[in-house]
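Just so you know, all these numbers are worked out from the coordinates, no wet-lab data involved. These numbers come from a predicted model, not from an experiment. Note: ideal-geometry Cβ built from the backbone for every residue, glycine included; neighbour counts use all protein chains shown.
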Amino acid sequence: MFPDYHNRLEAAIDRELKALPEIPAPPTLILRVLRAIAQRQALPWFRRAWQSWPVSLRIVSFALLALLFSGLCFGAWNLSTAGFAVASQRYGSIFSSLYAAITAVFGSLAAAVNQVPKAVLIGCAAAVVFGYTMGVALGTACFALVRNVHRFQK
């Protein structure tokens, strides 16, 4: 918006930050860092990050994972083509009767909703929205209360 103002502000902030004295590290910081590094290096290879495994084990694990992934992809592809045909032949009557039952239930629900006056439906929808909004508001208020109580107890 104001390039000259932003440049002057940036230069002033840079000057102020460079004028600050350096903050010394706590005396125990180096010991804690070295101890944490030693603990990580003492872990067995399988508990460490994959990048720190021995190269031969990384190659073997990558090859096994690649084979597993390709096998899963091949199996899913075969199942989607041949498996669907077998499943539809074997379980087709069950699926068709289940579909008929679901269609009948939703059809009867639609007929029942069509019998209810529109004002009642709008009122019910408004009550649900109001209840949801109140729940969110109450949850937010409770969270803020707990956070503030926790902050003042410290």
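Mean residue ellipticity at 222 nm from the helices of the chain, using -39,500 (n - 2.57) per DSSP H segment of n ≥ 4 over the full residue count, to the nearest 500 deg cm²/dmol? The partial results should precede the final answer.
Details: 5 runs with 123 residues, N = 154.
Dividing the helical sum by the residues of the chain leaves -28500 deg cm²/dmol.
For the chain, list the DSSP H helices whose alpha carbon atoms reach 30 Å or more along the long axis and whose average Kyte-Doolittle value is 0.0 or above?
Numbers: long enough: 55-78 (34 Å, 1.66); 84-115 (43 Å, 0.90); 118-153 (52 Å, 1.16).
Span-like helices in the chain: 55-78, 84-115, 118-153.
What trypsin sites (Lys or Arg not before Pro) does the stretch 1-109 have in DSSP loop regions with at most 13 other beta carbons within 10 Å?
Counting only loop positions with at most 13 other Cβ atoms within 10 Å, the trypsin sites (Lys or Arg not before Pro) in the stretch 1-109 are R48.
Per 0.36 nm of contour for each residue apart, how much would the distance between A144 and L34 grow if the chain were fully extended, relative to their Cα-Cα spacing?
35.6 nm
Placing +1 at every Lys and Arg Cβ and -1 at every Asp and Glu Cβ, with all other atoms neutral, what dipole size does the chain have around its Cα centre, in debye to the nearest 20?
Working: 14 positive and 5 negative charges, 131 e Å.
Dipole of the chain, to the nearest 20 debye: 640 debye.
Using the Cα gyration tensor of the stretch 3-115, with a ≥ b ≥ c the square roots of its eigenvalues, what is the shape: rounded (a/c below 1.5), prolate (a/b larger than b/c) or oblate (neither)? The partial results should precede the final answer.
Working: a/c = 3.51, a/b = 1.72, b/c = 2.04.
Since a/c reaches 1.5 but b/c is at least a/b, the shape of the stretch 3-115 is classed as oblate.
Taking a ≥ b ≥ c as the square roots of the eigenvalues of the Cα gyration tensor of the stretch 21-82, is the shape rounded (a/c under 1.5), prolate (a/b larger than b/c) or oblate?
Verdict is prolate for the stretch 21-82.
Express in nm, to one decimal, how much length is gained between F130 and W77 on full extension, taking 0.36 nm for each residue of separation and deducting their alpha carbon distance.
Working: separation 53, 0.36 × 53 = 19.08 nm, distance 4.71 nm.
In short, 14.4 nm is gained.
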